[in-house]
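Before any comments, here is the structure.
The values are calculated or read from the model by the stated rules, or taken from the named source; none is laboratory data. Just so you know, these numbers come straight off a predicted model, no measurement behind them. Cβ sites come from the backbone with ideal geometry, for glycine too, and all protein chains shown count toward neighbours. SASA here: full protein model, heavy atoms, side chains in, ligands and nucleic acids out. Shrake-Rupley method; radii C 1.70, N 1.55, O 1.52, S 1.80 Å.
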Amino acid sequence: MAAIDCGTNSIRLLVADLPDPSAGAQAPLVDLSRRMEIVRLGQGVDRTGRLAPEAIERTRVALVDYATEIEKLGAERVRMCATSASRDASNAADFRAMVEQTLGVAPEVVTGDEEARLSFTGAVRGLPADAEPPYLVVDIGGGSTEFVVGTRETGVRAAVSMDIGCVRMTERHLHGDPPGPDEVAAAQADIAAAVDRALATVPGREAATLVGLAGSVTTVVAIAQGLRAYDPTRIHHARVSYEQVAAVTADLLSKSSEQRLAIPVMHPGRADVIGAGALVLRVIMERAGMSSVVASEHDILDGICYSML
């Protein structure tokens, strides 16, 4: 099966086989291909309410490549979910028409609640034994962040999506390079207000383990570990402390985009927005009272695959 997740900042592909039934209920999918391209579909959406033509074209180019990969690997089922940017855009019909023509299937513009549930399903399967339930899963995207609380056994207890993604917060507040103290303070206040609203809806402060998803989290964790190259096997299920997250966040916000680009694990398409993403993670940990976060490389893509069973 093939899953595509088209968010505000990136578009990602997972082509996978089901695990052998003898591997157990918590066995992960068997990855055949897992890819990511930064297309910044949500460029300017917070300001204009529309998808930029050049952003749609960048996404089309990536989808052409993905369609070739899907055909080559012989995926029998394909599902594409589009999230925050395409929920917000007034010209979403243009995006939908492009996807149908390029991929042969229509994109599903999922609600924030469905996005949260798919992310939770993908993230909690196969968590290590020291990750105690209940879990607070946070998926920090480009346009929004999803908060989900639940357990493997009982599923999702509550979920909510808030408009505090790394691209949105950068475009709204962090205009300097590096951003000034007043800009960081404004972003922090905006994020904190949204996190508090989220935690009034989902009982995140009652969770035993914080699980963090998506590129902002995995990049912060990679930096905290001192990795010299991005290594998903080292990042997946790694646990880092609040103090480490706070130190990485402060360092990123003090650097220019050019200086962030020099960090060995930094994807070039993430350097301008990683400061805001790290800040979202830090504020979530503060407001939820979490002393550490467990990173997961398995997320909404895996959840989309499981949803096709």
Open item on the list: Restricting to region 129-146, give me the number of residues that are open to solvent by less than 10 Å² (accessible area, probe 1.4 Å), touching a residue at least 40 places away in the same chain (Cβ under 8 Å) and not in a loop (DSSP other than H, G, I, E, B).
Closed with: 6
- [ ] Sort out which residues of region 10-59 are assigned to a helix (DSSP H, G or I) and surrounded by fewer than 17 Cβ atoms within 10 Å (Cβ to Cβ), and write them in order of number.
- [x] Pro21, Ser22, Ala23, Arg47, Thr48, Pro53, Glu54, Glu57
TODO: Tally the residues that are assigned to a loop (DSSP other than H, G, I, E, B) and within 18 Å of the chain's Cα centre (by Cα), restricting the search to region 260-309.
DONE: 12
- [ ] List every residue pair whose Cβ atoms lie under 6 Å apart, where the two residues are 6 or more positions apart in sequence or sit on different chains, the first residue falls within region 290-309 and is within 25 Å of Val248 (Cβ to Cβ), and the second residue, located anywhere, is assigned to a helix (DSSP H, G or I) and of a type in the set (Ser, Thr, Tyr).
- [x] Ser291/Tyr242; Ala295/Thr218; Asp299/Ser119; Ile300/Ser119
TODO: Answer with yes or no whether Thr219 is part of a helix (DSSP H, G or I) and surrounded by 23 or more Cβ atoms within 10 Å (Cβ to Cβ).
DONE: yes
Task: Near pairs, Cβ below 6 angstrom, 6+ apart or cross-chain, from region 51-67 (within 11 Å of Val99 (Cα to Cα)) to any residue that is among the aromatic types (Phe, Trp, Tyr) - done: Ile56/Phe95
Open item on the list: Any residue at all in region 105-120 that's in contact (Cβ under 8 Å) with a residue 24 or more places away in the chain and touching a Pro at 6+ places or on another chain (Cβ under 8 Å)?
Closed with: no
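Would you mind finding the one in Gly126, Gly165 that is under 26 Å from Ala2 (Cβ atoms), open to solvent by 10 Å² or more (accessible area, probe 1.4 Å) and either at pLDDT below 95 or not hydroxyl-bearing (Ser, Thr, Tyr) (or both)?
Working: Gly165 fails: open to solvent by 10 Å² or more (accessible area, probe 1.4 Å).
Answer to the check: Gly126.
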TODO: Taking Asn91 as meeting all but one of (1) under 28 Å from Arg58 (Cβ atoms); (2) surrounded by fewer than 22 Cβ atoms within 10 Å (Cβ to Cβ); (3) without any contact (Cβ under 8 Å) to a residue 40 or more places away in the chain, write down the number of the exception.
DONE: (3)
Task: Failed criterion for Leu261 (all others in (1) surrounded by fewer than 22 Cβ atoms within 10 Å (Cβ to Cβ); (2) under 19 Å from Glu37 (Cβ atoms); (3) in contact (Cβ under 8 Å) with a residue 60 or more places away in the chain hold) - done: (3)
